[in-house]
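The values are calculated or read from the model by the stated rules, or taken from the named source; none is laboratory data. In this text the structure is predicted, and so the values were computed from the model without any measurement. So basically every Cβ, Gly included, is an ideal-geometry build from the backbone, and we count neighbours across all protein chains shown.
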Amino acid sequence: MTNVTPTPASTSNEPLDLETRIANRKRQLIAEIVECKRSSRSNAVETGDKLKARLSELAHIVKEGVVDGWANVGARARLKLEAWLAR
């Protein structure tokens, strides 16, 4: 029988994965906001405001739920973040 000790990488994959997915989506939203600012479409301002609201919501979730770093995200905050990503 062999003792198998999980490596740090295997124990932190889920939080890092969530952090990475959040960071990627955040970058996408910021790029979309920049595009809205450059756009001459009639609804560009409204679309940009909605995207900014999404980023604000993310900041609020992270401020409340990611207190001790991404490795210690609680179940409630994780659910909120997953729901945020799903929209």
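Highlighted here are the helices (runs of 4 or more DSSP H) found entirely within segment 1-67 that include at least 1 residues which are at pLDDT below 90, among the charged types (D, E, K, R) and surrounded by 10 or more Cβ atoms within 10 Å (Cβ to Cβ): 13-38. Looking across segment 68-78, just one residue is of a type in the set (A, V, I, L, M, F, W, C) and surrounded by fewer than 12 Cβ atoms within 10 Å (Cβ to Cβ), and that is Ala75.
Pairs linking a residue in segment 28-56 that is closer than 17 Å to Ala83 by Cα to a residue that is loosely packed, with under 12 Cβ neighbours inside 10 Å and charged (D, E, K, R), with Cβ atoms under 8 Å and 6 or more positions apart or on different chains, are Arg54/Arg87.
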